[in-house]
Amino acid sequence: MTDKTSNQMWGGRFAAGPDAIMEAINASIDFDKRLAAQDIAGSRAHAAMLAATGIVSDSDAEAMREGLLTVLSEIESGAFPFSKALEDIHMNVEARLKEVIGEPAGRLHTGRSRNDQVATDFKLWVRDQLDAADAALVALMKACLAQAEAGADWVMPGFTHLQVAQPVTWGHHMMAYVEMFGRDLSRVRDARARMNECPLGAAALAGTSFPIDREMTAKELGFDRPAANSLDAVSDRDFALEFLSVASICAMHLSRMAEELVIWSSAQFRFVTLSDRFSTGSSIMPQKKNPDAAELIRAKIGRIFGANVALTLVMKGLPLAYSKDMQEDKEQVFDAADNLMLALAAMDGMVRDMTANQGALEAAAGAGFSTATDLADWLVRVLGLPFRDAHHVTGALVAKAEAKGCDLPELSLEEMQSVHGDIDKTVYDVLGVHNSVASRTSYGGTAPEQVRLQVNRWKEILG
């Protein structure tokens, strides 16, 4: 395949072949060959529609459709000779189709342009990624649900500012991530529904004078409807930007969970033990077990968010309809999708394999005066103190315990009554961490009964 072939594909407007530098900056085949399956699916649907509307003969359409399958098999086997001189996946496929079936291949491009062709291919590819992300998120959420159900009544410290705040349950903490990933799943499904309009048939920018059936091609390719404006159809990359936005938020959630796994698996916490499958050792320190998978997931947000910013900047100044700038859309999305799917799979594996250390969780749950809020609530509920007064009394008791080097439940009744004389022995009922979490029965609270309620709710949602 030569420059002369490339010029023939462009048409008679150009007399000389492209300069090597121009060819290098203009060609996209090195990355857009990933769209091969989508490109061929779109072309096969287009060929069937051309025959159904009488624009091409049935025999030509059948030759094109069968020839495209031959081309696809060559690509999938690795035998296809990709040519940079032919610029992109569309021209590479069309040129090879001509070699396979001859003259009928020249009719395939009737009633369409590379502009609507690439928009369709790219939408199909992004839609596939949204479907893959959907499945991966469901799998990860089920892994978190299994952890939550197993530890619905295991106590652990809850943190604010990474300081011990109040006791919570392991199940409650795991369910917080189910909620996060549930919102990601909702965004994935919402984005898929919004982007599911077919650009094919918009042609270069103005539609076509051929009597094409856009409803037919849209249905054949699994779209809900044809895109309603040809200018917008070829210039729209909102679907790619929305995918990157969804991916960025999801990666941020994955990064937050990864950060906790890094902290929790440390010798200082020992809240979880990560499996050997998702850990590495040190080349010099034999005792080390490094949470490298979690650390790498934590880093993926940089690449994915960077792709989101990069494509936004590519698109921000473009007039309608198509500009060559938009060739810079795919590499960003390809890289972000690869890294998101890898991060989701790795997190799923880590969560499924990890062991929560119930003893370490419970030992830490009562540290740092974690039941101080329960004490203040008791003073309000039982003694009728205004909350601000109860807050002050509790603070004085915390200071007393701190000075003594003990926790609140270890103060004697006499020591407590020296701060407020009406405190009685029933106060100790609320100072245990198990009693604390059991009392948090408000909807969405950390009480084991509430955790199990939410586990069952999500099991029903996810099926």
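Measuring nothing but how far apart in sequence close Cα pairs (under 8 Å, 6+ apart) lie, relative to its length, the chain scores a relative contact order of 17 percent.
State whether the chain is rounded, prolate or oblate according to the following rule on the C-alpha gyration tensor (a ≥ b ≥ c being the square roots of its eigenvalues): a/c under 1.5 gives rounded; otherwise a/b larger than b/c gives prolate, and the remaining case gives oblate. Cα axes put the chain in the prolate bin. Of all aspartates and glutamates in the structure, the ones whose alpha carbon falls short of 17 Å from that of Lys324, not counting any fewer than 8 places away in one chain, are Glu23, Asp30, Asp32, Glu87, Asp88, Asp116, Asp121, Asp232, Asp236, Asp238. Counting Lys and Arg as +1 and Asp and Glu as -1 over every other residue whose Cβ lies under 15 Å from the Cβ of Ala299, the net charge comes to -1. For region 186-322, what does the alpha-carbon gyration tensor say about shape, rounded, prolate or oblate, given a ≥ b ≥ c as the root eigenvalues, a/c under 1.5 as rounded, and a/b over b/c as prolate? It comes out prolate by the Cα gyration axes.
Note on Arg277 and Ser57: their simple-model spin labels are 5.8 nm apart, each label 7 Å out from Cα toward Cβ. When only Cα pairs below 8 angstrom with a gap of at least 6 residues are kept, region 332-417 shows a relative contact order of 22 percent. Label positions at Ala360 and Glu215, each projected 7 Å from the Cα along the C-beta direction, are separated by 6.3 nm.
Our summary gives region 364-462 a relative contact order of 26 percent, counting only alpha carbon pairs under 8 angstrom and 6 or more residues apart. Pairs to check: Lys33/Lys98; Lys219/Lys459; Lys123/Lys316. Give those whose C-alpha atoms are more than 24 Å from each other in this structure. In this structure, Lys219/Lys459 exceed 24 Å between Cα atoms. Under the classification rounded if a/c is under 1.5, otherwise prolate if a/b is larger than b/c and oblate if not, where does region 364-462 fall, given a ≥ b ≥ c as square roots of the Cα gyration tensor eigenvalues? Because a/c hits 1.5 or more and a/b exceeds b/c, region 364-462 counts as prolate. When you filter the chymotrypsin sites (Phe, Trp or Tyr not before Pro) in region 287-335 for DSSP loop state and at most 12 other Cβ atoms inside 10 Å of their Cβ, nothing is left. Charge dipole of the chain (Cα centre as origin; +1 on each Lys and Arg Cβ, -1 on each Asp and Glu Cβ, all else neutral): 140 debye, rounded to the nearest 20. With each label modelled as a point 7 angstrom along the Cα→C-beta vector, the Ser186-Asp19 pair spans 5.4 nm.
Coordinate-derived values only; no laboratory data. Given the structure is predicted, the values throughout are model-derived calculations rather than measurements. All Cβ positions, glycine included, derive from the backbone under ideal geometry; neighbour counts span all protein chains shown.
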